[in-house]
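One structure below.
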Amino acid sequence: MTAQTQEGIHVGHLYKVFGADPASVMPLVHEGIGKQELLEDHGHVLGLRDINLDVSPRSIQVVMGLSGSGKSTLVRHINRLIDPTEGEIRVDGEDMLALDAAALKQLRRYKISMVFQRFALFPHRTVMDNIGYGLALQGLAKRDRGERAARWIERVGLQGYENSYPHHLSGGMQQRVGLARALATDADILLMDEAFSALDPLIRSDMRVLLLDLQHELHKTIVFVTHDLEEAIEIGDRIAILRDGEVVQNGDSQDIVLRPAASYIADFTKSINRGRVIRVGSIMEPLRPDLLGPDCPHDISIEEALPIAVASPGGEARVLNGEGEPVGAVSLGTLVRALGNDRERDRAAAGNAGQAAEAG
Amino acid sequence: MTDWVLNFPTLDIATLRAVHKSIDAAYKTFSRNYGDAIESAFDPLLWLLIKFEWILLNAPWWVIVLAIAGICYSASRRVRLSLGVIVAFLIIGVLGMWEDTMRTLAIIFVATLIAIAIGIPLGIAMSRSDRMQSFMTPILDVMQTMPIFVYLIPVVMLFGLGKIPGLIAVVIYAVPPVIRLTNLGIRLVDQEVLEAADAFGAGTWRRLFGVQLPLALPNIMAGVNQTIMMALSMVVIASMIGVKGLGMPVLQAVTNQYFALGLFNGAAVVGLAIVFDRVTQSYGRRIQAQRQS
């Protein structure tokens, strides 16, 4: 592993045990003791077990799981709000665990910022001063701070609220402040802990659009924690699924939906709108030389590809790669079959995963 | 043989007396050896108290009334409250209690300053460590339940009669609420907000002064309010060891059965209490209201 020089975030063999003396139970954890047994017989809580995760720079890595799966614990290890029991954390090659208090402070001021589930705004500061908080810690003079904060206030659409206090704002507006506060420090890495989970569905989708918009401009490295698979699929370049403190699967949205690694994940994906999530590139069949058209790009969804296939005489379409070269084909049959919740296929996937889990 | 079954096994009187005597003797030796040194350590406080009292007694009465009303208005932003304060002080003056009231005001003011200066740092220390909290809590409990008069004894043995022992007794009695509520206020600050301060790289001090103390301020103000109230009630008792002020005539009234004298001076204490209470409370409410809608 070339982690030493690697850009991005590297988490290797990370373990977190909560309790009075975590080191004393680590041998048991390595032997694979169950979470329940560890709690009942030894009084320690297993937070994370053997987490390996590499986040490439300028991408959005989603960490997904139900409550108690350890996702918030994991994201707090990256800026060391929580210290690991064992393992390795590197940010742009820098060993986070070797940092002393002063270096850690510098890193949090300039390199990693964070957005919180319950916003965690400072209730005694105005919107302007909340957004300028990180800048104040960076030592910026009040005037420069104001200028930069004002830019972010405008970017997240909060003009006119500069001097309001957080309590005067709605939840969605408060989280815009939270987002602007995190972005204002110009940190490369943004940690978002269930940042939109406390918001109403409509506001939540507004915020996702805002985030993707911003990401298009800013190219941050984002670790986004959520319990909502739809949200994960919409914004994640990669999605790591956590269960009981372990990564069950880490892949892109197509992997998760088409090849769930465990029945646990298949349960999640059941309620997903497959027509909108699955891309034709993931389900295409080999190209036949006699098929001449029509064409569709590889990254459109089944929903978008269906009308193209229907319009063609043979009910088929060619799939083009990013360079516009034909690389495969889809037929109406393929598209419709991928839409259906195929019990047989799901059971097979679940069975495989079950066997894999037993074998592991 | 069965004596201890029927009667509580008490130490015999001679032993008990010897225990008392040895404690008293030890304390007396301590106070003889260190009393003067300790007393001179309190000289700056005495100086502050005397100066402040001198100002209150020598400034024209209307300047003082206006100043107090001004402080009241700037803290509470309530016109009627400020007018009420003016009326209360005018009545006190007309009934001939101006000088005693000013003396009491001086000692309350200095005692409260000292209580805040001691109490807030102790409260902060308590909030930062559970061990410190479980060490301090029983001490504070004892301080608040020990009969008030008991404080007077060691203080008088150490310092004799006068302003300094009075001031110290008042501070000891009045300091627990501000310690407790500073501790409580800081502990009640939202964990996620603290986490946010950490995540943006605030150190211990910036977190304390930038986030924890400002957010704990309404609770701290409630503590200061209680501290002032306790100081006021202690001032009357402190008159037994020679502290001048509204307590003196009250004590005189009790021993000589002067009902009217006791009533008037008691009412003046109540008036002071109401003024302090309303002003600190509405200040606390105002800072809280600023943050909520």
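Throughout, read-outs are computed from the coordinates displayed, never taken from laboratory work. Predicted model only: the values in this text are computed from it and were never measured. A quick note on method: Cβ atoms are made from the backbone with ideal geometry, for glycine too, and the neighbour counts reach across all protein chains shown.
The mean number of Cβ atoms from other chains found within 10 Å of a Cβ in peptide A:116-127 is 5, as a whole number.
In debye, nearest 20, what is the charge dipole magnitude of chain A about its Cα centre with +1 on Lys and Arg Cβ and -1 on Asp and Glu Cβ, if you could check?
Here the size comes out at about 1060 debye.
Just tell me, in residue order, which DSSP H segments of chain A are both 15 angstrom or longer along the helix axis (alpha-carbon based) and at least 0.0 in mean Kyte-Doolittle hydropathy. List each step's numbers first, then the result.
Details: long enough: A:142-155 (20 Å, -2.15); A:171-184 (19 Å, 0.14); A:201-218 (25 Å, 0.27); A:343-359 (23 Å, -1.13).
Span-like helices in chain A: A:171-184, A:201-218.
Considering helices alone, the calculated mean residue ellipticity of chain B at 222 nm is -28000 deg cm²/dmol, with DSSP H runs of length four and up weighted by -39500 (n - 2.57) and normalised per residue.
Can you tell me the order of B:110-119, B:263-272, B:32-41 when each peptide is scored by its average per-residue count of other Cβ atoms within 10 angstrom, highest first?
Put in order of decreasing packing, that is B:110-119, B:263-272, B:32-41.
Ordered from longest to shortest, the equivalent ellipsoid semi-axes for the protein assembly as shown are 70, 32, 20 Å, each the square root of 5 times a Cα gyration tensor eigenvalue.
Students often check this: by mean Cβ neighbours within 10 Å, which of A:128-137, B:6-15 ranks highest, and how do the rest follow?
The most tightly packed comes first, giving A:128-137, B:6-15.
Taking all Cα pairs closer than 8 Å and separated by 6 or more residues, the relative contact order of chain B comes to 21 percent.
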